[in-house]
Amino acid sequence: MYNSDKVIPGIIIFIIFFTIPMWLNLGGAKAIPRPELPKEEKNCVESKEYMRAYHMKLLLKWRNMAIREGKRTFVGADGKTYLISLQNTCMKCHKSNEKFCDRCHKFVATHPDCWHCHIAPEEVAKLRRWQNGNR
Amino acid sequence: MAIDRRKFLKIAGLSFLFGTGVFSLEEFVLCRGDEVLAQVVGEGKKGKVRWAMAIDTRRLTEEDCKRIIEACHRAHNVPDIPEPTKAVRWIWEDTFEHAFPELAEEDPSEELRNRKYLLLCNHCENPVCVRVCPVQATFQRPDGIVVQDYHRCIGCKFCMTACPYGSRSYNFFHPKEYLKHVNPEYPARTMGVVEKCIFCYERLDQGKLPYCVEAAKGKIYFGNIYDPEAEITRVIKENLVLVRKPQLGTKPMVFYIV
Amino acid sequence: MLEYALKGRPKYWIWILCLLVIIAIGFYYWVLEHKLGTGVVCGLHKDLTWGFHIGQLAFFVGAAASAVMIVLPYYLHNCKEFGRLTVLAEFFAVGMVVVSMLSVFVIMGQPQRVFNVLLYPTPHSIIFYDLIVLSTYLFLNLLCGWTVLHAEYKETKYPSWLKPFIYWAILWGPSIHMVTAFLIQGLPGRGFWLTAIMAPRFLASAFSAGPALLLVLALLLKKLTGFDIGKKAVDTLSKIITYAFIINLLFICFELFTAFYSGIPEHTEPFIYLFSGLQGHSEWVGFAWASVILALIGLTLLVIPQTRKNETTLVLACIAVVLSVWIDKGLLLMIGGFTPNPQGVVVPYKPTFGEVMIGVAVWAIGFLIVTILWKIAVSVYQSKNLVVKMKGN
């Protein structure tokens, strides 16, 4: 083999580099996350299974309906009508972003940017603290 | 017609004192309500909705302006940025010279000059910002409202370059850090997107009036300008009104009763 | 052929390293901008939202089109003297198109959403067309330059399927300026830009400053590597620059006439602000007059045949032309367009160090691409010469 002194170390570096996440997480088996579910309300706008698998699609659909189509109401699986709003509908039952959304998202390392703009329930207190000068 | 702009506005200025004054203007300063309406709105489309606003500058005091701006900015979580050149504003007050720069040289009356003018997005019938946006982040709803979709905005600022009224603001900073009050029912924005007045379409969709109209206590009219019977159409027709930069053909939907 | 880019003298590697350092500094400021905010890092404000960076788009889109001024005479008029310059010009265009595209990319507040432009194609937006014409031009120049060079490398003639692409690239070249001019030319309420001469001005300034920059670099290349594009090519190119530059200055005069004879404030005020100051602000008067003086120096040196034919004075003339057009298009065009603001108020703009460094890093990326591609081209030509010499002996 030509240039084996360069090719073989190259391949080794490549393999190590691409398997870094595996090595870093080795041995640290984490518990499956348990997002905190609302206590008072048992039914979401769609079935539990649908929400688990497709909540992101529903949210995208909602945001397009509310902003681009001017439709503010959504008829859920139970036939009830809901106001389309992340802050005023979803987060009224799921009262905490950290205890609900983040638990799974952190585990699977996805970082949706919803809360860059939207104000999460627990953020309100933090923002009010800021206004009082305690940054 | 041998009446020039300067002369016209002088007469117009007089007419404010006496409360009358009927002019027939052929070219430049459109002032008579029915003519403004004819040029900006035209025939109108029956059965369709086009939201418009008429601000009664005669009755609007400085306190009113403050209250209105506060109501809007508080409800929409508009950040309060100290640097004026990098501030975010949905509605703001300005002088006659700044609101109507092309009329400023025409020597408007003292009284007209001393009034406060509320400036906001004009929700043009023919919006330039919508034309230039490369991703349709800003678009016109069927009811004429020019909306900004912050989910889609790429922050290229082309709309701000295009807007002839300076009605758009860019988030030069993290807006949440500059919130004076938090309205937990409404989102804020993120850094790097453009925002502006949205005629409170979220309230219109629920059958409510915009915040500014509510806070103005009758000094701002709001309604469907395609409806000849509507209050807004009537007050525009019966008064002297100005629109900002009508010569550009953008057909602004915010009218100033003078 | 790529291997040529990996073999070079220390000078070559030092230059590459310098460019990489500049890119790293610019990248740092760009990241900082997205962390802290455009308001902290850049001098932009709500009345001047397109500053230094879009100015670079306006200038470098012109530099990119310089290739047309070489490729067109070579392929359509069989202008043999441009033979060795053609590939260099095409590769130069590749780098300059990259600068243009990145100049738009760096002003975006949400760069991660850049593909929204393709996801939601919007035929009524000029940016959409600008993206199409720029990326097509990039592809065409890379394809034509590389294929022709590869044929040289293999000592054959370039394949016949390339011909349509070459013609396509020639036709496409002017479109990148016109579309870029259309970005600003069709906006109501911006009197400085709202003029039909804008697109022709973009063309004329591009066809003068672009080849001028290319010529300076080609002569520098001769000094550094001994690769000579030939005396005849320099002569012809300098004539092209002269004519295009005269037309460019004429267009500016037309614009001045229209603005000041009509006396419409919207059209005159930006010029007054730039050249003598308005409302007590005169931040750019020095630059504006520097551009005029440089233009006159360049024009004089180019028009007089003796100074045009003398390589030293020609280089000086080209540098004067490039600087003059760069100030005009890279700075003043944007600043004048936004001043005074829609309320009739002058809000001054001063680019910050960080902002300029981001722009300079974008140039560096472009010049890194040009360096690598030119290194390959020069190596191919020089190794071929070596073979010819050896065969001759």
(request) Just one of (1) assigned to a helix (DSSP H, G or I); (2) open to solvent by less than 70 Å² (accessible area, probe 1.4 Å) trips up C:Ile293, so point out which. (result) (2)
(message) So, in region B:197-215, how many residues would count as being more than 13 Å from every other protein chain (Cβ to nearest Cβ) and not small (Gly, Ala, Ser)?
(response) 7
(message) Quick check on region B:93-109: of everything there that is surrounded by fewer than 19 Cβ atoms within 10 Å (Cβ to Cβ) and not acidic (Asp, Glu), which residue is nearest to the other protein chains (Cβ to nearest Cβ)?
(response) B:His98
(request) Go through (1) more than 7 Å from chain C (Cβ to nearest Cβ); (2) of a type in the set (Lys, Arg); (3) farther than 21 Å from A:Arg68 by Cβ one by one and return the number of the condition B:Lys157 breaks. (result) (1)
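Would you mind finding the one in A:Lys71, A:Lys57 that is of a type in the set (D, E, K, R), closer than 28 Å to B:Tyr150 by Cα, outside any helix (DSSP H, G or I) and open to solvent by 70 Å² or more (accessible area, probe 1.4 Å)?
A:Lys71
Mind checking which residues of region C:109-118 are farther than 16 Å from B:Val132 by Cα and more than 7 Å from chain B (Cβ to nearest Cβ)? Give the derivation first.
From region C:109-118, those farther than 16 Å from B:Val132 by Cα are C:109-113, C:115; that's our starting set.
Of everything in region C:109-118, those that are farther than 16 Å from B:Val132 by Cα and more than 7 Å from chain B (Cβ to nearest Cβ) turn out to be C:Pro111, C:Gln112, C:Phe115.
Looking at A:Trp115, is it within 15 Å of B:Ala188 (Cα to Cα), at pLDDT 85 or above and more than 9 Å from every other protein chain (Cβ to nearest Cβ)? Working first, answer last.
Values: within 15 Å of B:Ala188 (Cα to Cα): yes; at pLDDT 85 or above: yes; more than 9 Å from every other protein chain (Cβ to nearest Cβ): yes.
Here the answer is yes, as A:Trp115 does meet what is asked.
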(request) Could you check region C:303-393 for helices (runs of 4 or more DSSP H) lying wholly inside it with 3 or more residues that are charged (D, E, K, R) and more than 30 Å from B:Val128 (Cβ to Cβ)? (result) C:353-392
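Would it be correct to say that C:Leu85 is farther than 27 Å from C:Lys350 by Cα and either among the β-branched types (Val, Ile, Thr) or touching a residue at least 24 places away in the same chain (Cβ under 8 Å) (or both)?
yes
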(message) When you check C:Gln110 against the structure, is it of a type outside the set (Val, Ile, Thr), open to solvent by less than 20 Å² (accessible area, probe 1.4 Å) and free of Cβ contacts under 8 Å to residues at least 60 places away in the same chain, yes or no?
(response) yes
(request) Give the residues of region A:93-106 that are over 22 Å from A:Glu49 (Cβ atoms) and open to solvent by 40 Å² or more (accessible area, probe 1.4 Å), sorted by residue number. (result) A:Lys95, A:Glu98, A:Lys106
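Just give me the residues in region A:29-53 being surrounded by 13 or more Cβ atoms within 10 Å (Cβ to Cβ) and closer than 19 Å to A:Lys80 by Cβ, in sequence order. Spell out the reasoning first.
Quick first cut of region A:29-53, residues surrounded by 13 or more Cβ atoms within 10 Å (Cβ to Cβ) only: A:35, A:37-38, A:43-47, A:50-51.
Residues satisfying the conditions are A:Leu37, A:Pro38, A:Asn43, A:Cys44, A:Val45, A:Glu46, A:Ser47, A:Tyr50, A:Met51.
Residues C:Ser125, C:Ser103: which one is under 29 Å from C:Tyr273 (Cα atoms) and surrounded by 15 or more Cβ atoms within 10 Å (Cβ to Cβ)? Can you show your working first?
Details: C:Ser125 fails: under 29 Å from C:Tyr273 (Cα atoms).
It is C:Ser103.
Here are some residues: C:Val315, C:Val360. Which one is at pLDDT 95 or above and either open to solvent by 20 Å² or more (accessible area, probe 1.4 Å) or out of contact with any strand residue (DSSP E or B) (no Cβ under 7 Å at 6 or more places or on another chain) (or both)? Outline the logic, then answer.
Details: C:Val315 fails: at pLDDT 95 or above.
From the options C:Val315, C:Val360, the qualifying one is C:Val360.
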(message) Looking at the structure I just gave you, is B:Pro175 more than 7 Å from every other protein chain (Cβ to nearest Cβ) and closer than 17 Å to A:Trp115 by Cβ?
(response) yes
(request) Take region A:53-70 and flag every residue that is within 8 Å of chain B (Cβ to nearest Cβ) and basic (Lys, Arg). (result) A:Arg63, A:Arg68
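Which residue, of C:Lys35, C:Lys46, C:Lys7, C:Lys11, is of a type outside the set (Gly, Ala, Ser) and buried (at least 16 other Cβ atoms within 10 Å of the Cβ)? Explain how you work it out, then say what you get.
Working: C:Lys35 fails: buried (at least 16 other Cβ atoms within 10 Å of the Cβ); C:Lys7 fails: buried (at least 16 other Cβ atoms within 10 Å of the Cβ); C:Lys11 fails: buried (at least 16 other Cβ atoms within 10 Å of the Cβ).
When all the criteria are applied, what remains is C:Lys46.
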(request) Taking the residues in region C:255-270 that are exposed (fewer than 15 other Cβ atoms within 10 Å of the Cβ) and not hydroxyl-bearing (Ser, Thr, Tyr) as candidates, determine which candidate is nearest to the chain's Cα centre (by Cα). (result) C:Leu256
(request) Could you figure out which of (1) at pLDDT 85 or above; (2) of a type outside the set (Phe, Trp, Tyr); (3) part of a loop (DSSP other than H, G, I, E, B) isn't true of A:Thr89? (result) (3)
(request) Given the conditions (1) small (Gly, Ala, Ser); (2) surrounded by 13 or more Cβ atoms within 10 Å (Cβ to Cβ); (3) more than 28 Å from B:Ile81 (Cβ to Cβ), report the number of the one that A:Ala109 does not fulfil. (result) (2)
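Go through region C:98-153 and give me each residue that's among the charged types (D, E, K, R) and under 26 Å from C:Ala5 (Cα atoms). Let's see the steps before the verdict.
Within region C:98-153, the first condition is being among the charged types (D, E, K, R), and the residues that meet it are C:113, C:130, C:152.
The one that is among the charged types (D, E, K, R) and under 26 Å from C:Ala5 (Cα atoms): C:Glu152.
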(message) Going through C:Leu296, C:Leu301, C:Leu278 one at a time, which residue ends up being under 21 Å from the mean Cα position of the chain (by Cα) and hydrophobic (A, V, I, L, M, F, W, C)?
(response) C:Leu296
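Which is open to solvent by less than 10 Å² (accessible area, probe 1.4 Å), more than 10 Å from chain B (Cβ to nearest Cβ), under 22 Å from C:Gly330 (Cβ atoms) and touching a Lys or Arg at 6+ places or on another chain (Cβ under 7 Å), of C:Ala63, C:Ala58? Steps first, please.
On the way: C:Ala63 fails: touching a Lys or Arg at 6+ places or on another chain (Cβ under 7 Å).
Residue meeting the stated conditions: C:Ala58.
When region B:124-147 is examined, which residues are found to be within 13 Å of chain C (Cβ to nearest Cβ) and touching a His at 6+ places or on another chain (Cβ under 7 Å)?
Keep residues of region B:124-147 that are within 13 Å of chain C (Cβ to nearest Cβ), which gives B:124, B:126-140.
Scanning region B:124-147 gives a single hit, B:Arg131.
Scan region C:215-230 and tell me whether some residue there is over 30 Å from C:Gly95 (Cβ atoms), assigned to a loop (DSSP other than H, G, I, E, B) and either in contact (Cβ under 8 Å) with a residue 40 or more places away in the chain or open to solvent by 30 Å² or more (accessible area, probe 1.4 Å) (or both).
The answer is no, given that none of the residues of region C:215-230 is over 30 Å from C:Gly95 (Cβ atoms), assigned to a loop (DSSP other than H, G, I, E, B) and either in contact (Cβ under 8 Å) with a residue 40 or more places away in the chain or open to solvent by 30 Å² or more (accessible area, probe 1.4 Å) (or both).
The values are calculated or read from the model by the stated rules, or taken from the named source; none is laboratory data. This is a predicted model, so every value here is computed, not measured. Reconstructed Cβ throughout: ideal geometry from the backbone, glycine too, with neighbour counts over all protein chains shown. These area figures cover heavy atoms from the full protein model, side chains too; ligands, DNA and RNA do not enter into them. Shrake-Rupley method; radii C 1.70, N 1.55, O 1.52, S 1.80 Å.
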